[in-house]
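Below: the structure, in structure tokens.
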Amino acid sequence: MEKNLIGRNLPTACGDAVIDVRPDEPVLILIKHCRDMKQQEARLRLITLLLLLGCAALFCFTIIFEQRQQRNSEAGGQRSAAEQSAAYARQDRLCTADEDQNKSQKLRIDHSFVWETNMTDKFYIKWAPILGEEQEEKHAIVIPETGYYYIYVRFLLRCQDGDDDDKEEKFNRFFIELHKWNEGYNKDIKLTEAWDGVMCPPHGHRTVFVGQLFDLLEGDHVKVWIEDGYNLISRSSFGAFRE
């Protein structure tokens, strides 16, 4: 079988060369070339798409990371401000507590007995301030703040003039009660009591002391009720201090 060969001049890298091809081979070469071009174009599109997706993912990750850092920074700032506020509040409370404690430790009240003429028994004794601020209530110590207070009252008893005129000895009874009153309950409440006495004649002296720790409220009025023996009182002191 005779083969027809057609000489064609095709460009090459080294110049023109003459090769023998069959008539359908140029079409096949062109089809193959187009197919290769399409494959290369598809690969380039795929690579471009992957690069675009990578850039978009990197951009989104950067934005999310910056937002998260900003939120963490703001939360840290808020926590820091809250911690500083709490620290300042604790410091203020400690300073206030120290001031209150110092104020309480310095709180001292002491009153002296005031004699009232034409008085017998069964009334509240009147006092005059010696130590501490003068109070409007002359018959009571007004508690300035809630807390534990040591309340004391001391009496020096003696037979009054005229008691020695009686030749027969007579025991003179002395009896007091410590009361508190507050407008919150508006009722006199007995805290404690004490009793003693003096034998007249002969002319004698006796000391009666009452002291106790009480849990009192702000505004409590602590008073001394004389039940018997007011005429036996020579001197007396009545006071309180903060425990």
Filter the stretch 126-138 for residues that are open to solvent by 60 Å² or more (accessible area, probe 1.4 Å) and touching a Lys or Arg at 6+ places or on another chain (Cβ under 8 Å); the one that is farthest from W181 (Cα to Cα) is L131
Of all residues in the stretch 199-240, count the ones that are in contact with a Phe, Trp or Tyr (Cβ under 7 Å, 6 or more places away or on another chain) and modelled with pLDDT under 90.
1
List the pairs whose first member sits in the stretch 180-199 and is under 19 Å from C159 (Cβ atoms), whose second member is assigned to a loop (DSSP other than H, G, I, E, B), and whose Cβ atoms are under 6 Å apart, counting only residues at least 6 apart or on separate chains?
V198/C159; V198/G204; M199/E169
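The values are calculated or read from the model by the stated rules, or taken from the named source; none is laboratory data. Quick caveat, the model's predicted, so the values are computed rather than measured. Neighbour counts run over all protein chains shown; Cβ positions are idealised from the backbone, glycine included. What goes into the accessible areas is simple: the full protein's heavy atoms, side chains included, and nothing from ligands, DNA or RNA. Shrake-Rupley method; radii C 1.70, N 1.55, O 1.52, S 1.80 Å.
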